[in-house]
1. For the charge dipole of chain B, defined by +1 on Lys and Arg C-beta atoms and -1 on Asp and Glu C-beta atoms about the Cα centroid, which residue among B:Val34, B:Leu109, B:Thr22 has the Cα displaced farthest towards the positive pole?
2. Please report the projected area of the protein assembly as shown's Cα convex hull averaged over all directions, in nm².
3. Is there a quick way to get the dipole size of region A:63-141? I mean about its Cα centre, with the Cβ of Lys and Arg at +1 and of Asp and Glu at -1; what is the value in debye to the nearest 20?
4. Under a cut-off of 12 Å between alpha-carbon atoms, report the aspartates and glutamates in cross-link reach of B:Lys68, not counting same-chain residues fewer than 8 places apart.
5. Calculated FRET efficiency, A:Arg42 and B:Leu80, Cβ-Cβ r, R0 41 Å, to nearest 0.05?
6. With θ set to phi - 60° and the Karplus curve 6.51 cos²θ - 1.76 cosθ + 1.60, what are the ³J(HN,Hα) couplings of region B:124-137 in order, to the nearest whole Hz, using x for Gly and Pro?
7. Which value in Å does the Kirkwood hydrodynamic radius of region B:1-84 take, with 1/r averaged over all unlike C-alpha pairs and then inverted?
8. Which Cα, out of B:Cys67, B:Cys99, B:Met82, lies furthest along the positive dipole direction of region B:39-141 (beta carbon charges, K/R +1, D/E -1)?
2 protein chains.
Amino acid sequence: MNVSTRYTVALHILTLMATDETHPMVSEFIAGSVNTNPVVIRRILGRLRTAGLVKSHPGVNGGWLLCKSASDITLADVRLAMEEGSPFTMHTNAPNPACTVGRHIQGVLGHVFGHAERAMHDDLSRSTIAALVQSVKDASR
Amino acid sequence: MNVSTRYTVALHILTLMATDETHPMVSEFIAGSVNTNPVVIRRILGRLRTAGLVKSHPGVNGGWLLCKSASDITLADVRLAMEEGSPFTMHTNAPNPACTVGRHIQGVLGHVFGHAERAMHDDLSRSTIAALVQSVKDASR
DNA sequence: TAAATACGTAACTATAACGGTTACATATTG
DNA sequence: CAATATGTAACCGTTATAGTTACGTATTTA
């Protein structure tokens, strides 16, 4: 369980919701597709709501709806919504400041890591939930 | 401790070794710069050796040496050597195959994630350990 | 207005990865 | 043979995660 599966599940959820954008979808139903517990789904939907991507309604005929068109939600948006940290992590303990490399390596790596992360993020910003729906549709024919 | 710091430490180690490519460097000394235990350093160096980037010699006047010039080691090489997994992780449990989305989402996401990861990896392949040494040098002036 | 429904979230648990540490065997040098 | 340095197993505390139960709150509808 090294890396969270939240991002993957979030994309699964949104793709599922986008296949029927008009009717509210219930966490219990989504959990059936993802094959997990409804609470896990609601936790992730909570983050998506905080990011303004979905909204919820309690009670009978309640459930979840997209706030934006599936074609306006990029995979980068969803990644930000999950607040997944950087795929890179700095040292546990601060390096030795008495060593030239130790004193400057984190600044240098911060720069390099930021650049690499941006390359990944930019790539993700070029795909949308609507594209995932289409890919699933293509795969099922 | 969400993501491993191995990659960061590996880059630190190689940058340090590259500042004096000629003499063997001892894990104890490296640990002093990284500010951790020598065993942690040796574990990471072991992975770098498996990847053919460094070699070791036990005993008096022993230690570690680069196998290649610092300008021939890219940050992508080091990432591969650490065997860091993908920054993306699929579902814990297999999704419901009775659902169209559940049946196809992993294949679709595998494709999308692979593309994003490649963007990051390509970016990392354009920097070398020699460049890190230079950046540290620049920062210390 | 009462029953049914569905979200919201706290609390607890098992699992796994990680970093740190000790200990000791092995290899090399001089 | 003594000193040194790697190689690696074993163990521990910390942390994140996913799963689960439980229960309060909001909303609909009969």
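1. B:Leu109
2. Working: hull surface 67.4 nm².
Hull-based average projected area comes out at 16.8 nm².
3. Working: 7 positive and 8 negative charges, 15 e Å.
Magnitude of the dipole: close to 80 debye.
4. The reachable aspartates and glutamates, counting only those whose Cα sits under 12 Å from B:Lys68, are B:Glu21, B:Asp77.
5. The formula returns an efficiency of 0.60 here.
6. Working through the residues one at a time gives 5, 6, 9, 10, 10, 4, 4, 5, 5, 4, 5, 5, 5, 4 Hz.
7. Over region B:1-84, the inverse of the mean reciprocal pair distance is 12.7 Å.
8. Positive-end residue among those listed: B:Cys67.
Throughout, read-outs are computed from the coordinates displayed, never taken from laboratory work. These figures come from a predicted structure and were not determined experimentally. Counting neighbours? That spans all protein chains shown, and the Cβs are built from the backbone with ideal geometry, glycine included.
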